[in-house]
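Worksheet: the structure to be examined is printed underneath.
The values are calculated or read from the model by the stated rules, or taken from the named source; none is laboratory data. Fair warning: this is a prediction, and the values are worked out from it, not measured in the lab. Using ideal geometry, Cβ is built from the backbone for each residue, glycine included, and neighbour counts are taken over all protein chains shown. Heads up: the accessible areas ignore ligands, DNA and RNA and are worked out on the full protein's heavy atoms, side chains in. Shrake-Rupley method; radii C 1.70, N 1.55, O 1.52, S 1.80 Å.
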Amino acid sequence: MILGIDLGTSMVKAARFSPDGKCLAVASRRSTPTSLGGGRIEQDFEEIVTAVGEVVAEACKGAPPPEAIGITGQSDGLWLLDENARGVRPAVSWLDDRGNPYLQGWIDSGAFEAVFRRNANAIFPGSHAPLMAALKASDPEALARAHTASYLKDGILQRLTGARVTDASDCSLPFLDIRRRDYDPEILKLLGLEDMRRLLSPVMPAPGQGFAMNAAGAALTGLPEGIPVHAGPFDLVACAMGAGVREVGDGLIIIGTTLACEVLSDRIDTTADPVGMTLCMPQEGRWMRAMPATVGTATLDWVLDMIGASHGEVDTLLAQSRPGANGAMALPFFSATGERAPFVDVNARGQVSGLSTATTRADLVMAVCESMAFAARHCIEAAGLTGRVMVCGGGANSSTWSQMVADVLQRPLHIAPRPEVGARGAALAAMQVIGIDHDAAAWTRPEGVIDPHRDRAATYDAGFGRYLDNVASARALWTPPRAAKAAPRKEAPCPAT
């Protein structure tokens, strides 16, 4: 038996798998990102630690102890921990926007592009660098008390095993030399963060390693000491592995909190437009070229809330409209942090247009869902797709919406094996590292294939063209040419916690 743990933004899950990849049990607990207002979003690390203990105990109840445990989870944010892997302050979520002015400053100064030219990764507001810069201004005492600027899954690994390490997928952005798989001091210098080097965990060599569960981990989970635990890769890479992305050129679309589109590559391109991520895979010589847009199912949540509908009504509402949404159009950039793929703009904002008194609730839902399908095409093409496309995530549970994505792409969508694609990928990574024999093809066999409707190709090609035109027009409005460049705002100091 193998256990996979997935530490999501709003949910902590553990999935128990048989040796042939069958999911035997799943346990989950909600975690609660806290909105402080003004774009500030934080999380309680201890709440997540407690949830991990509960879901592991529940998923393993009545079963033999697992042979190995793999951990994946949300990346980025800033999880400041002390020597014992306990939070020195609430973690700053990757959804938090306090890094916006610092990122804009690096964009204006050229540092943003200079970093991309070194490691093919575009910094975004919720990643380590902007959040470190923000806390240097607002909460320097917390940085001084911290022993590690951790990622979530690495903090959980340390609580279970005592090991203070990270993997190359999580730290690819922003500070890593992704060829050598070690930190690049020039990137730290470009960003004025050389003093933060002491907080960065050692990077495990490819493909990672397992660490024995210690007494504290055993007390937390109810499992015996000594079970090998592996942390990494983080959720974007783990989902690709769990979905069966193994050949260069194959891609994955995750319709989740983040609309993440990614393609497996065997090359690093630092000459491209400075956008997206280039993430180290567990094996040497392979990278995941990722375009994780900040748009996602939260955009659909917004429109459903506005019209007083539920997720269970989505397929019915889509059936009541038609391709093109009877003239309604949307741009799905509703995140307070702006957009990070396939372009970077901290000022990006959503819009709905083409409305009239004839526009229905169904048309609004259709327009938003179509805009996300267009965003998926925009991102997956920018990532370099040439092979098969897999799909997973909560949004993929809507058969109508998944069909729409296939129609917009005009490509078959291979449905990743459910449930818990991320936890499945974490389990696969753990087995590879620890040396447990398994059949990766059997573990990742698609549940089915959604073929595109060829008769909708012309409609959606035209709609995609209008979408790109609308994006280009809106970008000129988000940052007017005559707008003065604002310096990063000074933050009021936060009290120590």
Exercise for review: Determine the relative contact order of the chain: mean sequence separation of Cα pairs under 8 Å and six or more apart, normalised by residue count, in whole percent.
Suggested key: 17
**Study point:** Average Cα contact separation per residue, the range 194-305, under 8 Å, 6 or more apart, as relative contact order %
**Key:** 20
Point to revise | Rg and Dmax [Cα atoms of the range 414-462; Å; Rg one decimal, Dmax integer] | key: 16.6, 50
Check your understanding: In whole Hz, what ³J(HN,Hα) sequence does the range 96-101 give by Karplus (6.51, -1.76, 1.60; θ = phi - 60°), x for Gly and Pro?
Key -> 6, 10, 5, x, 3, x
Check your understanding: Share of antiparallel DSSP beta bridges in the chain, in percent to the nearest 5?
Key -> 75
Practice item. Return the carbon/sulfur percentage of the accessible area of the chain, one whole number, probe 1.4 Å, all protein chains in place. Key: 52
Review point. So, in Å, what gap is there between the alpha-carbon centers of the range 47-68 and the range 386-426?
Key: 28
Revision key, fill the gap. From DSSP H assignment alone, runs of 4+ in the chain each adding -39500 (n - 2.57), the sum over residues rounded to the nearest 500 puts [θ] at 222 nm at -10500 deg cm²/dmol
Check your understanding: Once amide H atoms are placed 1.01 Å from N in the peptide plane, what residues at a sequence separation of 5 or more from GLU339, or on another chain, have their amide H within under 5 Å of its amide H?
Key -> ASP345, VAL346, ASN347, ALA348
Study note, to complete from the structure: Mean projected area (nm²) from the convex hull of Cα positions in the range 272-339 is 7.7
Exercise for review: Collect residues whose amide H, placed 1.01 Å from N in the peptide plane, falls under 5 Å from the amide H of ALA85; neighbours closer than 5 in sequence don't count.
Suggested key: none
Practice item. Averaging sequence separations of C-alpha pairs under 8 Å and six or more residues apart, then dividing by the length of the range 355-422, give the relative contact order as a whole percent. Key: 36
Practice item. Apply 1/(1 + (r/R0)^6) to the Cβ-Cβ distance of SER356 and GLU381, taking R0 = 45 Å, and write down the FRET efficiency to the nearest 0.05. Key: 0.90
Practice item. May I ask for the distance between the Cα centers of the range 317-339 and the range 241-276, given as a whole number of Å? Key: 24
Practice item. Determine ³J(HN,Hα), in whole Hz, for all residues of the range 248-257 in sequence, where each value follows from phi through the Karplus function 6.51 cos²θ - 1.76 cosθ + 1.60 and θ = phi - 60°; x replaces Gly and Pro. Key: 4, x, 6, x, 9, 10, 9, 9, x, 3
Review point. Using just the C-alpha positions of the range 1-89 as equal point scatterers, what log10 of I(q)/I(0) does the Debye formula give at each q in 0.18, 0.19, 0.22 1/Å?
Key: -0.82, -0.88, -1.06
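When the Cα atoms of the chain are enclosed in a convex hull and the volume is divided per residue, what value in Å³ results? Each step should come with its number before you reach the end.
Numbers: hull volume 67.8 nm³, N = 497.
Given the Cα convex hull of the chain, per-residue volume reads 136 Å³.
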Point to revise | Fully extended contour minus Cα-Cα distance, from ASN347 to ALA272, at 0.36 nm per residue | key: 24.8 nm
Exercise for review: Grab the chain and count how many Lys pairs have their alpha-carbon atoms under 16 Å apart, sequence gap of 8 or more, or different chains.
Suggested key: 4
Practice item. In nm, give the distance between the simple-model label positions of HIS311 and TYR183, each being 7 Å from the Cα along the Cα-to-Cβ direction. Key: 3.8
Exercise for review: Scale the Cα Rg of the range 319-407 by the rule-of-thumb value 2.2 N^0.38 Å and send over the ratio, two decimals.
Suggested key: 1.16
Check your understanding: Considering only protein heavy atoms, what per residue accessible area in square angstrom results for the chain with a 1.4 angstrom probe?
Key -> 37
Study note, to complete from the structure: Of all trypsin sites (Lys or Arg not before Pro) in the range 157-217, the ones in DSSP coil with at most 13 other Cβ atoms within 10 Å are ARG180
Check your understanding: Once the piece of chain linking ALA63 and ASP195 is laid out straight, how much longer is it, given 0.36 nm per residue of separation minus the C-alpha distance between them?
Key -> 42.8 nm
Practice item. On each of the three principal axes of the Cα atoms of the range 165-275, give max minus min coordinate, whole Å, ordered largest first. Key: 49, 39, 26
**Study point:** Förster-model FRET efficiency, 30 Å R0, ASP44 and GLU83, C-beta, rounded to 0.05
**Key:** 0.95
Exercise for review: Find, to one decimal place in angstroms, the Kirkwood hydrodynamic radius of the range 149-195, where the mean of 1/r is taken over every pair of different Cα atoms and then inverted.
Suggested key: 11.6
**Study point:** Contour minus Cα-Cα distance for ALA442 and ALA462 (0.36 nm per residue)
**Key:** 3.3 nm
Check your understanding: To the nearest 10 square angstrom, how much accessible area does LYS136 have with a 1.4 angstrom probe?
Key -> 80
Point to revise | Per-bin percent of Cα-Cα distances, the range 103-186 [10 Å] | key: 16, 42, 35, 6, 0
Point to revise | From phi via Karplus (6.51, -1.76, 1.60), per-residue ³J(HN,Hα) for the range 378-385 in Hz, x at Gly/Pro | key: 4, 6, 5, 5, 5, 6, x, 4
Exercise for review: With unit charges on the beta carbon (Lys/Arg positive, Asp/Glu negative), name the residue among ILE123, HIS230, PRO202 whose Cα is farthest towards the positive pole of the charge dipole of the chain.
Suggested key: ILE123
Review point. So how far apart, in nm, are the two label points at ALA215 and SER109 if each is 7 Å from Cα heading toward Cβ?
Key: 4.8
